[in-house]
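Participant: Please find one structure pasted underneath; my questions will follow.
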Amino acid sequence: MHKKDIVVVVSGLAASGKSTLSRLLAERLGVERYSGGEALKSIAKRKGFDTSGNRWWESEAGMQFLALRERDESFDRMVDEELLRLARRGGVVIDSWVLPWLFDSGFKVWLKADREVRAERLAKRAGLSLETARRILEERDARNVELYRRLYGLKLGEDFTPFHLILDTSRLSSEEVFDIVYLAVRHYFDL
């Protein structure tokens, strides 16, 4: 198998472990990594938003950009079209909320975690109080789920038909998540 034949798509709600897993997989597999969230953040920067810091999505500016995306779906469509192009090219690991429903090939993973665990992760990562992290996650989840329902008719967090592996990361370390998914990917691609 050639590296260009490898396409892994990691999906899940915020703070489920998508970015960490996709980074580890890309490094181990020796392929490129792309992130839908980072691509959207890049667009926000070009639109004049200050995207610095590791808590940008949870910041007031991040929420303002989400509101802009809700009014103008072209940002998400542009990112998703680019991620589709990269997936078709191959040799990638991509983390994306919606690509598993848009791309018909590759190995697809849904990471899930209890809302409280996700809030704890977000609070730690972004330096927020646990209560603030809970509130932000609840709002972001609801708004993103609705955005992608309107955009593509998807039922994020409800429809798992595109996935080869659904993994609850609530009680697992990032290394344990990686070990499980890497084993599945190796078998899927016969590596």
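Participant: Only one residue in A39, A15 is out of contact with any Asp or Glu (no Cβ under 7 Å at 6 or more places or on another chain) and either surrounded by fewer than 22 Cβ atoms within 10 Å (Cβ to Cβ) or among the small types (G, A, S) (or both). Which one?
Facilitator: A15
Participant: If you don't mind, another one. When only residues in the stretch 113-138 that are assigned to a helix (DSSP H, G or I), among the charged types (D, E, K, R) and within 17 Å of the chain's Cα centre (by Cα) count, which is modelled with the lowest pLDDT?
Facilitator: Among those residues, the one meeting the criterion is R125.
Participant: Give the residue that is nearest to E82 (Cα to Cα), with candidates limited to residues of the stretch 43-52 that are of a type outside the set (K, R) and surrounded by fewer than 13 Cβ atoms within 10 Å (Cβ to Cβ).
Facilitator: Taking the candidates together, the pick is G48.
Participant: Do you know which residues across the stretch 160-180 are among the acidic types (D, E) and under 16 Å from the mean Cα position of the chain (by Cα)?
Facilitator: D168
Participant: Which residues, taken from the stretch 139-191, are touching a Gly at 6+ places or on another chain (Cβ under 8 Å), part of a helix (DSSP H, G or I) and not acidic (D, E)?
Facilitator: Across the stretch 139-191, the qualifying residues are V145, S174, V177.
Participant: On to the next question. I'd like to know if the stretch 159-175 contains one or more residues that are at pLDDT below 95 and not aliphatic (A, V, I, L, M).
Facilitator: No, every residue in the stretch 159-175 fails to be at pLDDT below 95 and not aliphatic (A, V, I, L, M).
The values are calculated or read from the model by the stated rules, or taken from the named source; none is laboratory data. The model shown is predicted, which means the values in this text are computed figures rather than measured ones. Ideal geometry is used to build each Cβ from the backbone, glycine not excepted, and the neighbour counts take in all protein chains shown.
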